[in-house]
Amino acid sequence: MPLKNKVATVTGGNNGIGQAIVLKLARQEASIVIDYMVHPEATETLEQEVSKLGSQSIGVAADVNKCADLEKLVDACHPAPDRTQPAHTGSPDLIAVRSARYKR
């Protein structure tokens, strides 16, 4: 199912299963907000991979346990005046929650 003109937010999106979800969405032509907490360099690399697949993405460092950070994720869905961010519609059409926090 093509996802052109759809916005997807993937939490925990810069590694493992989250990264696989991002790449699958990119192949389906979605614009993607990649949430991450660590390894910004992995997010930058993933953004380049998404671009090579013909889609747009932006990485957002956000902790989904914090309301202010959740607002950052939603704000990333809005188009930037300088078009450095994906051409999003203002809110995500799809959210993939891959992040998890646990204590041992």
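Rule-based calculations on the coordinates, nothing more; no lab input. All of these numbers come straight from a predicted model, not from anything done at the bench. Glycine also receives a Cβ, built like all others from the backbone with ideal geometry; neighbour counts cover every protein chain displayed.
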Compactness of region 11-97, expressed as Rg and Dmax over alpha-carbon positions, Å
11.7, 33
Note down the net charge around LEU94, summing +1 for each Lys or Arg and -1 for each Asp or Glu among other residues with Cβ under 15 Å from its Cβ.
+2
Using the structure shown, list the pairs from LYS6/LYS66; LYS6/LYS52; LYS6/LYS72; LYS24/LYS66 with a Cα-Cα distance above 20 Å, or answer none.
LYS6/LYS66; LYS24/LYS66
With a sphere of radius 9 Å drawn around the Cβ of GLU29, what net charge do the other residues whose Cβ falls strictly inside it have (Lys, Arg +1; Asp, Glu -1)?
+3
